[in-house]
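Some notes on the structure that comes next.
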Amino acid sequence: MKKLTKISSVLLLIFTLFSNSILKAQTDAMATETFKVWGNCEMCKTTIEKSLKPIEGIKSSKWNVKTKMIAVKYETSKVSLETIKKTIAASGYDTEEFKASNEAYEKLHECCQYDRTLKN
C-alpha cells in the first residue's frame, strides 16, 4: 500500500509538471504577422523598426523599403497586433488600419514624408 501511494504521488507530480509546461507553452505563443507600412527610405526603416523595440513581447521586426511590408514576430500573450500597428502609427507611419496623426507625420524627416494621397 505504501508503494502504491509513492507511485501515485510520483505520477501526480509528473502530471502537474507536464500540465504546467503545456500551459506555459500556450501563454508564450509566438506569431509572425506581415502588413503594409508606408514610408520611403532606410531612415524610415530605422524609425519604424526602432518604434517597436521598447514593446515587451516583440521578438523581431523587419520593414522592407521596396515592398513597404513589415514582418513582426511577437508573443501573443504580451502584445496584440493592434498595439503593434498603433505604435507604428504613433511614430509617424500609416498602416492600413491606423493612420499616423498629422503631428507625428510632420515630425518625420523631409525625405521620410511619403505622399499620403497615393496610398493603395
For residue 66 and residue 113, compute 0.36 nm times the residue count separating them, minus their Cα-Cα distance, and round to one decimal in nm.
15.4 nm
Contour minus end-to-end for residue 75 and residue 55, with contour as 0.36 nm per residue of separation and end-to-end as the Cα-Cα distance?
6.1 nm
Per-residue HN-Hα couplings for segment 33-43 [Karplus 6.51, -1.76, 1.60; θ = phi - 60°; Hz; x = Gly/Pro]:
10, 10, 7, 7, 9, 6, x, 10, 9, 5, 5
I'd like to compare 87-96, 71-80: which one has the highest average count of other Cβ atoms within 10 Å, and what's the full order after that?
87-96, 71-80
Using the Kirkwood radius over Cα pairs, work out the Stokes-Einstein diffusion coefficient for segment 28-118 at 25 °C and 0.890 mPa s, in µm²/s as a whole number.
188
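All of the numbers you see were taken from the coordinates with simple rules; none came from a lab. Bear in mind the structure is a predicted one, so any value in this text is a computation, not a measurement. Glycine also receives a Cβ, built like all others from the backbone with ideal geometry; neighbour counts cover every protein chain displayed.
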